[in-house]
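Asker: Let me begin by handing over the structure; questions about it come next.
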Amino acid sequence: MSPYMTREDRGQLGLSEQGSADREHIKEDLGLKDLQDAYRLGVAVALAKQLPPAPGDVRRTTAYGAGVLDADGSLRASILALRDDHDGRPYALLERLAEAGLRDLAAHLNEGLPIRQYLTALLTQGL
Amino acid sequence: MIITSLKVKDFGIFYGSQQLSLGPGLYVIHGRNGRGKTTLLNAIRWSLYGHYIDRQRRPVAPVVMLNRQARREGTNGFSVELRLQEGSDQFLIRRSQVLSGAGVPPSQLYIEHNGYPLTAGERERVVTQLLSERVSRFFLFDGEQLQNYELLLSQEETTSQMIKQGIEEILGLPVLDNALFDLAAVRTELNRRLARQARATQQLQQVGMRAEQAQSELDSKQADIAGLLEQQREQERIIRERDDFLQQYESSLEQMKNLEALDAKVVDLRTQRDQLREERADHLHHVWRDILAAAVEPKVRDLQQRLERSEQARAAQAAREQVQRSLLEGRCVVCGRDLDADHESHLSEELDRLPEVTEGEARPDPEAVTQLAQLSRIINTGHAEAVIRLDRSLAEIGSEELARKQEAAQLRQALQNLPENEVTHAQRERDQAQQRLGRLLVAIEEAEREKGGIEDRLRRAQDEIRRSGAGGGQQNHLSRSIDLTDDLHRVFDLAKGNFRDDLRIAVETTATEVFKQLTNEPNYSRLAINDSYGLQIIDANDQVVVGRSAGQEQVVALALIAALNRNATRRGPVMMDTPFGRLDPTHRTNILRFLSHMAEQVFLLVHGGEVTDEDLCVIRASINEHFELRRDDTDRTTIIIRSDQ
């Protein structure tokens, strides 16, 4: 268990059926070597684009342990720093943000648009 | 010779039986593309020679010659009938073809001469006499191929030689060749008699036997050489036919090489793409961190500013406290000196200037410090930029790969009808024939050398016989006959050379006259002929014109054909199919005006885009009849006489 995880927070992070499909699609489209890369990408995207989290009241299948996925606590720290809707449970929010980020990225790729366009927009929006 | 009637029955686009009645003069046969102009030309070729080739130089199968409508109606044969007039002689030539379910039997040729049927052996000979296939290209020609005549004359030796022989056949040179051949045969017979007579004379028995032996060896060697020459011709024929076959696929073979190169390029691009995707995937593994770095950057900046402000507040608070304590104690708390009035006044001003800091402003924020420490670890590592760069390269490679694939697909489509096995087979056969030809040429050279040795022996023996005078009057008579034959041979041989030179000059002169009538370029002064009857344009400065256009090639070829017709010993009808394709209006008009002078009977097969009614106005008076090929439907054309005459 990560030292940054609160007792009440989620220890296992999952995805809905739609989220899993998006993650698969992104992995295939970009040739990612690991599904975890897609999951982390989803979280980072949601934070960078300040996306609203996906609904929480859906069934999610377990995907990763929070300590494995966020071994150095960067994702949790980022949520705590950037979001005020974590309600003290950053990993619970992370799960929903991952879903929202994956949806957004999958939608972009589904339109046949290149990843570089997406990344360029993300990297320059803060400038 | 002229064609007095042409009747086609279910041949090509011509459904049923259709007939043209003809006489001397100019005939214009008008029809759009696909109406059957070339089919009419091919009908004549087929009736004479039993075969013809299409514009791709492929032999046309009989099954394709049958009219499609007729075939649908159950007709299983077609025919072409020509009536020819050569001086006072009348010829009927009819060729018919039956297509049976079991296959395609040979076509049947029937010929009548002045109403009498000819035997099978006489038929082919008569066709060759009237218009041999070798010379037919100068009478029945496709305008689209006209520029090839000049090319042919400068091409590889065998083709050029064939054309040259065709030209010399038209001009009548074989007459002298035949004479030389006959004289050689007479000489051989005289040699044989002389040797026989010597052997019968006791005194010359030995030398007579030697002469007979040498003559026998010579006959045998000549037969060997004739056999080798026959084989040489056969190999040359194979090479020529395979070359003709391969020529149609020349561009396809080039395209095949291009396709292979394209396929290799596609594979290479795919490998590059896979490598780049792999590299991009490596960077994508870390890219979430760069996105996160970009996301937290404003927050980090904010935290840094907050902590900086807090530190500045604490510094300001410490400075205020020092000034206040110094004023209160009357001495500087930093250096310990007592304060005079000026110092106190200065410190009071300093106190007014320093901002008042609240407790909260000066208090350090441990949470912000922790958060900054955590977020500062999330830094951009350049992976996202690498992904962007690699993705752009991938897109470029992807576009190139797609373009190459499309190009390859188009080539593949164009090559789908290429009979690869047949082409490979033809290439192999051509190479084998070339090797055999090389060996044959060596063998012929060797045999000729041996023949020379035998001839020397024979000559020595004959000289011995003739010098002895032992044979009496009969031997003297034979010797004189031999001398006379030798003299005649020399004369005919010389005459042949002179005749050939005269013919070349005559062709050059006539071709120049015709060319000047046809060309619209005043700077061209004449045509110059080479040994192969190739013609070069010479300008006013007596320089050869290089880089002739396709139109000029066509005009030169027409001038050559006209010159051959005028100088030919045997003249025939000229039928030109689509001859104006590459010509400008002036050349077109010049040629139209010239047509009626080209031969006794001229057929012009044209389409509307090539020659308009306005163009024809200039020669309306010389047109004997104007036919139109009218399209009835996709499988039927009817020949009608145009009413504008």
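Asker: Condition first: in contact with a Phe, Trp or Tyr (Cβ under 8 Å, 6 or more places away or on another chain) and more than 18 Å from residue B:17 (Cα to Cα). Can you find one or more residues in the range B:71-85 that meet it?
Answerer: Yes - at least one qualifying residue is present in the range B:71-85.
Asker: Then there's this: Just to check your reading of the model, which residue among B:196, B:192 is closer than 15 Å to residue B:455 by Cα, at pLDDT below 90 and open to solvent by 60 Å² or more (accessible area, probe 1.4 Å)?
Answerer: Answer to the selection: B:192.
Asker: Among (1) over 26 Å from the mean Cα position of the chain (by Cα); (2) in contact (Cβ under 8 Å) with a residue 12 or more places away in the chain; (3) more than 30 Å from residue A:23 (Cα to Cα), there is one condition residue B:258 misses while meeting the rest; what is its number?
Answerer: All conditions pass for residue B:258, except number (1).
Asker: Restricting attention to the range A:27-67, which residues are in contact (Cβ under 8 Å) with a residue 12 or more places away in the chain, away from every other protein chain (no Cβ under 12 Å) and either open to solvent by 60 Å² or more (accessible area, probe 1.4 Å) or in a helix (DSSP H, G or I) (or both)?
Answerer: A:52, A:55, A:58, A:59, A:61, A:62, A:66, A:67
Okay, residues lined up against (1) in a strand (DSSP E or B); (2) touching a residue at least 60 places away in the same chain (Cβ under 8 Å); (3) surrounded by 18 or more Cβ atoms within 10 Å (Cβ to Cβ):
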| position | (1), (2), (3) |
| --- | --- |
| B:575 | yes, yes, yes |
| B:579 | no, yes, yes |
| B:583 | no, no, yes |
| B:586 | no, yes, no |
| B:590 | no, yes, yes |
| B:594 | no, yes, no |
| B:598 | no, no, yes |
| B:605 | yes, yes, yes |
| B:615 | no, no, no |
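Asker: To continue, here is another question. Please find, within the range A:84-126, the residue that is most open to solvent (accessible area, probe 1.4 Å) out of those that are more than 9 Å from chain B (Cβ to nearest Cβ) and more than 18 Å from residue A:53 (Cβ to Cβ).
Answerer: Filtering first and then ranking leaves A:111.
Asker: For the range B:323-337, state whether one or more residues are touching an Asp or Glu at 6+ places or on another chain (Cβ under 7 Å), among the basic types (Lys, Arg), more than 14 Å from chain A (Cβ to nearest Cβ) and farther than 30 Å from residue B:298 by Cα.
Answerer: Scanning the range B:323-337 turns up at least one residue that is touching an Asp or Glu at 6+ places or on another chain (Cβ under 7 Å), among the basic types (Lys, Arg), more than 14 Å from chain A (Cβ to nearest Cβ) and farther than 30 Å from residue B:298 by Cα.
Asker: Sticking with this one: Output the qualifying pairs, or none if there are none: Cβ atoms under 6 angstrom, residues six or more apart or on different chains, first residue in the range A:76-99 and farther than 18 Å from residue B:294 by Cα and charged (D, E, K, R), second residue open to solvent by less than 30 Å² (accessible area, probe 1.4 Å) and part of a helix (DSSP H, G or I).
Answerer: A:99/A:19
Asker: Taking the range B:515-557, which residues are in a helix (DSSP H, G or I), within 29 Å of the chain's Cα centre (by Cα) and touching a residue at least 40 places away in the same chain (Cβ under 8 Å)?
Answerer: B:515, B:518, B:550, B:553, B:554, B:555, B:556, B:557
Asker: Okay, next question. For the range B:212-227, which residues satisfy the criterion of being open to solvent by 30 Å² or more (accessible area, probe 1.4 Å) and among the aliphatic types (A, V, I, L, M)?
Answerer: Matches in the range B:212-227: B:223, B:226.
Asker: May I ask you to say which residue of B:512, B:485 is buried (at least 19 other Cβ atoms within 10 Å of the Cβ), in a helix (DSSP H, G or I) and in contact with a strand residue (DSSP E or B) (Cβ under 9 Å, 6 or more places away or on another chain)? Break it down into steps so the answer makes sense when it comes.
Answerer: Values: B:485 fails: in contact with a strand residue (DSSP E or B) (Cβ under 9 Å, 6 or more places away or on another chain).
Residue meeting the stated conditions: B:512.
Asker: Can you go through B:274, B:263 and tell me which one is in contact with a helix residue (DSSP H, G or I) (Cβ under 9 Å, 6 or more places away or on another chain) and either within 14 Å of chain A (Cβ to nearest Cβ) or part of a helix (DSSP H, G or I) (or both)?
Answerer: The conditions single out B:263.
Asker: Sticking with this structure for a sec: Quick one: would you say residue B:91 is part of a loop (DSSP other than H, G, I, E, B), under 30 Å from residue B:164 (Cα atoms) and hydrophobic (A, V, I, L, M, F, W, C)?
Answerer: For residue B:91, the condition - part of a loop (DSSP other than H, G, I, E, B), under 30 Å from residue B:164 (Cα atoms) and hydrophobic (A, V, I, L, M, F, W, C) - is not met.
Asker: Filter the range B:106-122 down to residues that are more than 22 Å from residue B:15 (Cα to Cα) and open to solvent by less than 60 Å² (accessible area, probe 1.4 Å), then give me how many there are.
Answerer: Selection size over the range B:106-122: 5.
Asker: Where the second residue is among the small types (Gly, Ala, Ser) and not in a helix (DSSP H, G or I) and the first is open to solvent by less than 70 Å² (accessible area, probe 1.4 Å) and lies in the range B:275-286, which pairs have Cβ atoms under 6 Å and are six or more apart or on separate chains?
Answerer: Matching pairs, first to second residue: B:281/A:31.
Here's the yes/no breakdown for (1) open to solvent by less than 60 Å² (accessible area, probe 1.4 Å); (2) part of a helix (DSSP H, G or I); (3) modelled with pLDDT of 90 or more:
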{"residue": "B:443", "(1), (2), (3)": "yes, yes, yes"}
{"residue": "B:454", "(1), (2), (3)": "yes, yes, yes"}
{"residue": "B:478", "(1), (2), (3)": "yes, yes, no"}
{"residue": "B:495", "(1), (2), (3)": "yes, yes, yes"}
{"residue": "B:498", "(1), (2), (3)": "no, yes, yes"}
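Asker: Need the failing condition index for residue A:80 against (1) modelled with pLDDT of 95 or more; (2) open to solvent by 20 Å² or more (accessible area, probe 1.4 Å), just the number.
Answerer: Tallying (1) modelled with pLDDT of 95 or more; (2) open to solvent by 20 Å² or more (accessible area, probe 1.4 Å), residue A:80 fails exactly one: (1).
The values are calculated or read from the model by the stated rules, or taken from the named source; none is laboratory data. Quick caveat, the model's predicted, so the values are computed rather than measured. With ideal geometry, Cβ positions are generated from the backbone for all residues, glycine too; neighbour counts draw on all protein chains shown. For the accessible areas, the whole protein counts, side chains as well, though only heavy atoms, and no ligand, DNA or RNA atoms are used. Shrake-Rupley method; radii C 1.70, N 1.55, O 1.52, S 1.80 Å.
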